[in-house]
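What follows is one structure encoded as structure tokens, with my remarks underneath.
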Amino acid sequence: MATTADFRNGMVIRHKGGLYRIVDFQHVKPGKGGAFVRSKLKSLTTGKVIDETWNAGSSVERVKVFKKPIQFLYAGGDDYHFMDNESYDQLTVPKEVLEPYLPFLLEGMTMDLSVDEQGNIIDVDFPLKVTLEVTEAFDAARGDTAGAITKEVTVETGATIRVPPFIKQGEKIVVDTTTGQYLERA
């Protein structure tokens with residue numbers, strides 16, 4: 001058990017029957033009345049962010065989380081197969097856990113897997129940036145250069161990304177996995 005004084009960004013707690021990661025929190029001491037803690041919690045099952053308020057000193061159930069380095073091997077149906085880099089065991093991660101990252105997932109990619117004390121998969125710590133090769137790119141329209149003009153390209157995973165008009169087929173680009181936006185050439 002922990003109290004609201006123990007809150008830290010990234011801490012995982014059990015709340016309302018589910019697992020939540022603390023995204024942001026703020027201790028508030030109004031001029032009148034008792035102190036309280038206002039927080040934003042992200043559900044690790046649905047990805048939904050909720051706002052929650054506790055009285056200062058309230059108890060919450062903290063979940064111990066362990067990180068395991070894993071490597072993506074292959075996809076089979078709705079399951080994605082990974083190898084534990086320490087024990088070389090194969091792990092199966094359900095599609096729902098990886099849903100936001102599927103457009104950027106490459107064979108051989110390494111990342112960290114968050115598991116609880118019982119070995120249940122909680123979350124995947126996907127890299128914030130990935131380098132992908134452009135497999136299909138068309139030239140931008142002639143004279144279409146004023147302002148922030150972009151064009152769509154297809155990368156090796158099949159995802160389409162908006163990039164500046166000077167990016168050509170065969171080039172490698174760096175993509176932000178949280179927003180899906182082009183960052184720079186690799």
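Values in this text are rule-based calculations from the coordinates and carry no lab data. The shown structure was predicted, so the numbers you read here are calculated from the model rather than taken from an experiment. All Cβ positions, glycine included, derive from the backbone under ideal geometry; neighbour counts span all protein chains shown.
Assuming charge only on the beta carbon of Lys and Arg (+1) and of Asp and Glu (-1), the dipole of the chain about its Cα centre is about 1040 debye to the nearest 20.
Every Cα-Cα pair in region 129-185 was counted, and those over 12 Å apart are 61% of them. As a length-normalised measure over Cα pairs under 8 Å and 6 or more apart, the relative contact order of the chain settles at 14 percent. Each Lys and Arg Cβ is given +1 and each Asp and Glu Cβ -1; about its Cα centre, region 66-125 then shows a dipole of about 140 debye. What you get for region 2-62, charging only the Cβ of Lys and Arg (+1) and of Asp and Glu (-1), is a dipole of about 80 debye around the Cα centre. Based on the Cβ-Cβ distance from Thr53 to Thr178, what FRET efficiency comes out when R0 is 35 Å, to the nearest 0.05? Here the calculated transfer efficiency is 0.85. Each Cα pair under 8 Å and six or more residues apart adds its separation to the average, and for region 129-185 the resulting relative contact order is 40 percent. According to the calculation over all Cα-Cα pairs in region 69-125, the P(r) per 10 Å bin from zero is 24, 63, 13, 0 %.
GNM on the chain, alpha-carbon springs under 10 angstrom: the most fluctuating residue among Ala159, Ala137, Ala35 is Ala35.
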